[in-house]
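Reading through the structure tokens given below for one structure.
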Amino acid sequence: MAATNPELRLSRDMDQATSPLKRQLIVLAHISRLLLERGCPAPVLIGGCALAYYTREVYFTADIDLAYADRESLDSVLGTLGFTAEGRYWVHRGLDILVEAPTSSLLGEDAPRETVELDNGLECSVIGIEDLLVDRMNACVHWRSESECEMVELLVRLWAKEIDWDYLLERAARPENDTGNRFEVLKAKYES
């Protein structure tokens, strides 16, 4: 019989995790399930954890960054799962997991998302590769971060055939980004 206590269910599913990323996705899936049960939309994984997902763990981060507007509902669900607020993070000491939900302009209503299906009927959403690429290219160009430039190239090389290039180039060309020319070069290099 399945446990009815949400924190206990999360803990049991975490015992089955085979990697740090899988542990993070399980946490996100439990957060998503509880929010959906309350009639709220599911959060979207962004940031370094999304980068870990798309690089298949070449990159790793210890925290889970979420895009989510309804802070009250998210805070309630995190509390139900045994997390406690500590500064800008929600921390679960027993599971050694950190969650942060910064205000994010990464996602629009029509932004592509990746749905990840896990065991036990759980699923979660990850920012689309296109929006993640725009975010990382902005860091590459505007912060002059060589490591972000390398991550962008790695992601394009890995995902070139799946990228919605029209969407990506439109987003990258917006004035707040102004990185479209860089993506044109990468598209020519890896799409064929």
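The values are calculated or read from the model by the stated rules, or taken from the named source; none is laboratory data. In this text the structure is predicted, and so the values were computed from the model without any measurement. Heads up, the Cβs are rebuilt from the backbone with ideal geometry, glycines too, and the neighbour counts pull from every protein chain shown.
For Ala173, the conditions (1) free of Cβ contacts under 8 Å to residues at least 24 places away in the same chain; (2) under 18 Å from Ile64 (Cβ atoms) all hold with the exception of (2). In summary, strands (runs of 3 or more DSSP E) completely within the range 1-93 and bearing 1 or more residues that are without any contact (Cβ under 8 Å) to a residue 40 or more places away in the chain and at negative phi occur at 63-67, 84-86, 89-92. Of all the criteria given as (1) outside any helix (DSSP H, G or I); (2) modelled with pLDDT under 95, the one not satisfied by Thr115 is (2).
For Thr4, the criteria (1) closer than 30 Å to Arg157 by Cβ; (2) over 15 Å from the mean Cα position of the chain (by Cα); (3) of a type in the set (Val, Ile, Thr) hold in every case but one, which is (1).
Among the candidates Arg182, Arg136, Arg144, the residue that is among the basic types (Lys, Arg), outside any helix (DSSP H, G or I) and outside the structural domain of Leu35 (by TED's automatic domain parsing) is uniquely Arg144.
Residue check: Leu106 meets all listed conditions (1) at pLDDT 95 or above; (2) in contact with a strand residue (DSSP E or B) (Cβ under 6 Å, 6 or more places away or on another chain); (3) of a type in the set (A, V, I, L, M) but one, namely (1).
With respect to (1) over 22 Å from Asp63 (Cβ atoms); (2) crowded, with 19+ Cβ neighbours inside 10 Å, the lone exception for His142 is condition (2). Among the residues of the range 145-173, the one identified as surrounded by 15 or more Cβ atoms within 10 Å (Cβ to Cβ) and among the basic types (Lys, Arg) is Arg171.
Evaluated against (1) within 16 Å of the chain's Cα centre (by Cα); (2) in a helix (DSSP H, G or I); (3) of a type in the set (Asp, Glu), Glu153 falls short on exactly one condition, (1).
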